[in-house]
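Below is one structure, written out as structure tokens, with a few remarks after it.
Here, each number is a calculation from the coordinates, and none is a lab measurement. Given the structure is predicted, the values throughout are model-derived calculations rather than measurements. Reconstructed Cβ throughout: ideal geometry from the backbone, glycine too, with neighbour counts over all protein chains shown.
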Amino acid sequence: MANSLIPAGDFRTSYAADTTIFPTVTSRNFAIAGVLLAACAPFMLNDYWMSLLIAIGIYGIAALGLNVLLGFTGQISIGHAAFFLFGAFTSAYLSTKMSVPTFFAIPLAGAVTAIVGLIFGLPAARLKGLYLAIATLAAQYILLDFFARAEWFSGGSVPATAEPFSIFGYNVTGDHQYFYVVLAYVVVSFLLVTNLMRSRDGRALIAVRDHYLSAEIMGINLTKYRTLSFGIAAFFAGIGGALYAHYQLVVSYEGFGIERSILFLAMVIIGGLGSIMGTLMGTAFVVLLPEAMEWISAALRGGLIDQTLGLKNNITFLREIAIGAIIIAFLVFEPDGLAHRWHQIKAYWKLYPFSH
Amino acid sequence: MNTQLLIQLLVNGLVVGTLYGVVAMSFVLIYKATQVVNFAQGELLLVGAWVCWALMVKYQVPFYAAMPITMVFMFVFGILIQMVFLRPMIGEPIISVIMVTIALSTVLQAAMKWIFGVNPQPFPPIFTSQSVSVFGLQIQTVYVMSLIVSLAMMAAMAWFFQASKHGLAMRATAFDQQVAQSLGISVKNVFAMSWAISATVSAVAGVVVAVVNGVSSGLSIYGIKVFPAVILGGLDSIAGAVLGGIIIGLLENFAQFIDGQYLHWGNLYEVAPFYVLIIILMIKPYGLFGTKDIERV
């Protein structure tokens, strides 16, 4: 029991204690149990639920990259969907045209996307967050136009095809098997980012976010860390996109407009800016919200509410309105997102009978 | 080289450019007064155009009555947006404020599709004659009207800031909020007012575009095209915004001419402003007239 509870007050006396990933043994056990539980999911759930879990994993990785940029460095990107798509096309191109094994194509796609991200991020990294927002907005339009035009790369108006994922000659088929690929990437990505945030570089990013002038006076190179953070964001967007490509097996540029970039922003804000586990919660929220609205509208079919709102025909618009309204609500009422709420619930139960 | 086409396109560019200028002007107005980067500017055009359309088509209101009603509606709408969504965000980090306006644009865009449908709707004709002849060039009447309305709005804005009491209060607030407050200016009212004026001016621009091209959700692209214009002109300069808008409008049409005559890439019209945007950010990030942001600690 000794290590399973956090004592009142802060008794960290060493750097090792300060930078530990799991504050208590219980929290570590819970994290391991969570991964094991996720690994058992394919045995219990049907295809529909597996596809949702895979979507959460893929978008979660991309949103994690955005959280490093938005939550930890305080820079904003409105072109994340374009970078996600760039990763998808790159991996598809590498696996089909260059016959690179998919196992290597995915990280390679991440690296290429990071380089492209840096090209757009560099001019803005010298300036404040606002300018990066506008530069990424331009990137969104320029990249999408490029995909529509470059037939050698993205197939133009014909969707590009991607090879199915294979490892040591074993072809991964179906949602239930592909889930393990996504799960492995999710675990590795989240560990990478958690460790990054414990390191010197991670602390520098947070310093840039909290007060960039003080950070610069302390000897942190602002341009370097803003650029680095943007590169990391683009890298994870590329990884997510590559996983998406090998899952869908066809990639089309349609549906990756600015609305999709806003969805990524929604994932990060709803989950909690600067919270690594919150990213996953936010992604789950955004992925499940349309499904939940679908279930509700199915349950209400034929009723009075259905008739007045015209749910069946207007569900797409209502969904968009809901996403926008939820982003605003979170920003106004709960700027720290679901992760903060989760901590409060935990604290409540920990202190249960005596809440104060 | 097709001179006739080039001149035609440049005239188009001038007309569209002044409209960009008007929208950019109302964007800069909000930015200067309240430090909010408004990603929902295009949606203000959209809402204004749809309201005017609904008044004229659904309720059979004549144009000269529908236009003032739309303007009053948008004035109130602007105040409401500021009070409900932006006022709680005062003092929050700039990123959060940007996010609120982005979310607002999603909500308004979807709401307009929900209420008015996804199909573009033609605007009822306002002028009896289709085109007038100016120096031997056939120019559509609506274009002439668009140019006149845009210039009138720019002149009105210039008068407002130079001579009127509220305009001066707004400039004082933009200069230094604390000083303005100690002079007895209600900063709260100035914030609400700047949104109201911006929404009204945008709505007029929206109606003008709608009269030319019809009403559709594509109108909100004006809110995106504003960014190249204001970055070119300098983010906090109203004159720069107008000039930037005109340059972007001309450049777009010139790109289309080059594309159509020589390159045949297609779609250069749409993306050329964004390439310009990236180049400006690289070489002259504060634009032509923007104030250089020098911080002293």
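Taking packing as the residue-averaged number of other Cβ atoms within 10 angstrom, the listed peptides A:263-271, A:217-225, B:150-158 run from highest to lowest as A:263-271, B:150-158, A:217-225. Between amide H atoms placed 1.01 Å from N, distances below 5 Å from A:SER166 occur with A:THR102, A:PHE103, A:VAL172, all of them 5 or more places distant or on a separate chain.
Applied to the stretch B:191-207, the Karplus parametrisation 6.51 cos²θ - 1.76 cosθ + 1.60 on θ = phi - 60° returns per-residue 3J(HN,Hα) values of 4, 4, 4, 5, 5, 4, 5, 4, 5, 5, 4, 4, 5, 4, 4, x, 5 Hz, with x for Gly and Pro.
Peptides A:35-47, A:228-240, A:333-345 ordered by packing proxy, namely the average of other Cβ atoms within 10 Å per residue, highest first: A:228-240, A:333-345, A:35-47. Proximity of backbone amide H atoms, modeled 1.01 Å from N, is registered between B:VAL215 and B:GLN121, B:PHE123 at under 5 Å, excluding neighbours fewer than 5 places apart on the same chain. Looking at the square roots a ≥ b ≥ c of the eigenvalues of the Cα gyration tensor of the stretch B:194-297, which shape do they give, rounded for a/c under 1.5, prolate if a/b is larger than b/c, or oblate? Cα axes put the stretch B:194-297 in the oblate bin.
Given +1 at the Cβ of Lys and Arg, -1 at the Cβ of Asp and Glu and no other charges, the dipole of the stretch B:3-283 around its Cα centre is 520 debye to the nearest 20. Ordering A:VAL251, A:SER199, A:VAL286 by the projection of their Cα atoms onto the charge dipole of the stretch A:149-288, which places +1 on the Cβ of Lys and Arg and -1 on the Cβ of Asp and Glu, puts A:SER199 at the extreme positive end. Sum up the charges of everything whose Cβ sits under 15 Å from the Cβ of B:GLY260, counting Lys and Arg as +1 and Asp and Glu as -1, but leave B:GLY260 out. Residues close to B:GLY260 contribute a combined charge of -3. Go ahead and run the numbers for FRET between A:ILE167 and B:LEU183, Cβ-Cβ distance against an R0 of 56 Å, rounding to 0.05. So the FRET efficiency works out to roughly 0.20. Cross-linked pairs A:LYS224/B:LYS188; A:LYS97/A:LYS224; B:LYS188/B:LYS225: Cα-Cα separations exceed 32 Å for A:LYS224/B:LYS188; A:LYS97/A:LYS224. What aspartates and glutamates could a cross-link reach from A:LYS346, if we take a straight Cα to Cα line under 19 Å and drop same-chain neighbours fewer than 8 places away? In chain and number order, the partners are A:ASP10, A:GLU334, A:ASP336.
With the simple spin-label model, which puts each label point 7 Å out from Cα in the Cβ direction, the B:GLN162 to A:HIS176 separation comes to 7.7 nm. With the convex hull drawn around the C-alpha atoms of chain B, the volume per residue stands at 150 Å³. Lys/Arg Cβ at +1, Asp/Glu Cβ at -1, dipole of the protein assembly as shown taken about the Cα centre: which of B:ALA210, B:VAL190, A:ALA55 is farthest positive-ward? Farthest along the dipole direction, towards plus: B:VAL190. For the stretch A:42-350, just say rounded, prolate or oblate: build the C-alpha gyration tensor, square-root its eigenvalues into a ≥ b ≥ c, call rounded for a/c under 1.5, and beyond that prolate if a/b exceeds b/c, oblate if not. It is rounded, given that a/c, with a ≥ b ≥ c, falls under 1.5. Legend: mean number of C-beta atoms from other chains within 10 angstrom of residue C-beta atoms, peptide B:279-288, equals 3. Taking the 0 to 90 degree range and rounding to the nearest ten, how far is the long axis of helix B:63-81 tilted relative to the main principal axis of chain B, both from C-alpha atoms? Compared with the principal axis, the helix lies near 40 degrees. The region of chain B that goes longest without hitting one of the chymotrypsin sites (Phe, Trp or Tyr not before Pro) in a DSSP loop, each with at most 10 other Cβ atoms within 10 Å, is B:136-297.
Rounded to the nearest 20 debye, the dipole size of the stretch B:172-297 about its Cα centre is 180 debye, using +1 on the Cβ of Lys and Arg and -1 on the Cβ of Asp and Glu.
Of B:VAL11, B:VAL149, B:LEU268, whose Cα points farthest to the positive end of the dipole of chain B (charges on the beta-carbon: +1 Lys, Arg; -1 Asp, Glu; origin at the Cα centre)? About the Cα centre, the residue reaching furthest to the positive side is B:VAL149. Note on chain B: GNM, Cα springs under 10 Å; of B:GLY48, B:GLY17, B:GLY184, the largest mean-square fluctuation is that of B:GLY184. In this structure, A:TRP349 and A:GLN248 have a Cβ-Cβ separation that, at R0 = 35 Å, corresponds to a calculated FRET efficiency of about 0.30. Near A:VAL250, the amide H atoms lying under 5 Å from its own belong to A:ALA162; only residues 5 or more places off or on other chains count, and H is placed 1.01 Å from N.
Rounded to the nearest Hz, the phi-derived 3J(HN,Hα) couplings of the stretch A:130-146 under the Karplus curve 6.51 cos²θ - 1.76 cosθ + 1.60 (θ = phi - 60°) are 4, 6, 5, 4, 6, 5, 6, 4, 5, 4, 4, 6, 5, 5, 5, 5, 4, where x marks glycine and proline. Tally Lys and Arg at +1 and Asp and Glu at -1 over the other residues with C-beta under 13 Å from the C-beta of A:LEU205: what net charge comes out? Result for the local shell: +4. Seen through its C-alpha gyration tensor, with square-root eigenvalues sorted a ≥ b ≥ c, the stretch A:121-202 comes out oblate because a/c lies at 1.5 or above while a/b is not bigger than b/c.
At a Förster radius of 30 Å, what calculated FRET efficiency corresponds to the Cβ-Cβ distance of B:VAL72 and B:PHE175, to the nearest 0.05? With a Förster radius of 30 Å, E is 0.50. B:LYS292: which aspartates and glutamates have alpha carbons under 18 Å from its alpha carbon, excluding same-chain residues fewer than 8 sequence positions away? Reachable aspartates and glutamates: B:ASP176, B:ASP236. Net charge near A:VAL182, counting Lys/Arg +1 and Asp/Glu -1 over other residues with Cβ under 15 Å of its Cβ? Neighbourhood net charge equals -2.
For the stretch A:42-350, the relative contact order comes to 32 percent (Cα pairs under 8 Å, sequence separation of at least 6). In chain B, the longest principal axis of the Cα atoms and the axis of helix B:238-258 are about 30 degrees apart. The stretch B:44-85 and the stretch B:190-218 have Cα centres lying 9 Å from one another. Computed from point charges on the beta carbon alone (+1 for Lys and Arg, -1 for Asp and Glu), the dipole magnitude for the protein assembly as shown about its Cα centre is near 960 Debye.
Exposed loop sites here are trypsin sites (Lys or Arg not before Pro) assigned a DSSP state other than H, G, I, E or B and surrounded by at most 11 other beta carbons within 10 Å; excluding them, the longest clear run of chain B is B:1-291.
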